[in-house]
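Quick notes on the structure that follows.
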Amino acid sequence: MGFRITFTMLDAYGRTTSRSYDNTKATLADALTQSSAMLALLEGVSGSAVSKYSIASVTAIASPSPETGANNDAGATLHCLMDNGKMVGIKIPAIDPDLVNTDGTLKLSEAAITDFVGQFATGSFWRVSEGNYISSIRSGELDK
């Protein structure tokens, strides 16, 4: 196990860029300590300032087996209304062809889609843009 630390850096023109580095520490506490130290070193070699960083635990999945013909370039977007009244798009890579209507729209009532989006509904453990929940699915279609 290890951690991937992503540093977001801000330049003098208000633009941001991100750089990710892998860390071999075994505990989150150690990764946090190492991240603070790397922050100072990174700012020492760059004129940009670190505006934030995130730490992710990296877990390899043993023997992943994609479906025949799965293509990450053939994706789709779900357009959903959040609990703050704003819309958010959720991208799905390599959409399952069985979830697509002949006109390129998504079958919004299929359990695979409703179960997935349900994980972002109020009271669930996942959130979307701005830390909000999804109230409803409005539409979905293949990406062009």
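Every number in this text was worked out from the coordinates using simple rules, so none of it is lab data. Because the structure is predicted, anything quoted here is derived from the model rather than measured. Don't worry about glycine lacking a Cβ; one is built from the backbone with ideal geometry, like all the others, and counts go over all protein chains shown.
Once you treat every alpha carbon in region 83-126 as an equal point and sum by Debye, what is log10 I(q)/I(0) at q = 0.17, 0.23 Å⁻¹?
Normalising to I(0) and taking log10 leaves -0.58, -0.95.
Hey, with R₀ at 35 Å, roughly what FRET efficiency would Thr27 and Gln119 work out to, going by the Cβ-Cβ distance, to 0.05?
Once rounded, the FRET efficiency stands at 0.80.
Taking only Cα atoms of region 2-58, what ratio of Rg to Rh do you get with Rh as the Kirkwood inverse-distance radius?
0.99
Estimate the FRET efficiency between Thr8 and Glu110 by the formula 1/(1 + (r/R0)^6), using the beta-carbon distance for r and 35 Å for R0, to the nearest 0.05.
Here the calculated transfer efficiency is 0.45.
Where a Cα-Cα gap under 17 Å defines reach, which aspartates and glutamates qualify for Lys107, not counting those fewer than 8 residues away within the same chain?
List returned: Asp96, Asp98, Asp115, Glu141, Asp143.
Pop out the ³J(HN,Hα) list for region 60-72 in order, Karplus 6.51 cos²θ - 1.76 cosθ + 1.60 with θ = phi - 60°, rounded to Hz; leave Gly and Pro as x.
Coupling constants for region 60-72: 7, 8, 6, 6, x, 9, x, 5, 4, x, 4, 9, 4 Hz.
Would you order Thr114, Thr24 from fewest to most other beta-carbon atoms within 10 Å of each residue's own beta-carbon?
Going from sparsest to densest Cβ surroundings: Thr24, Thr114.
Take the eigenvalues of the Cα gyration tensor for the chain, scale each by 5, and report the square roots as semi-axes in whole Å, largest first.
35, 20, 16
Sorting Ser48, Ser109 on the 10 Å Cβ count, fewest up front, what's the list?
Going from sparsest to densest Cβ surroundings: Ser109, Ser48.
Quick check on the chain: helices-only [θ] at 222 nm, where DSSP H runs of length 4 and up contribute -39,500 (n - 2.57) each and the sum goes over total residues. Nearest 500, please.
When only DSSP H runs of four or more count, the value is -5500 deg cm²/dmol.
Just tell me which lysines come within less than 23 Å, Cα to Cα, of Lys25; anything on the same chain fewer than 8 places away is out.
Filter leaves Lys52.
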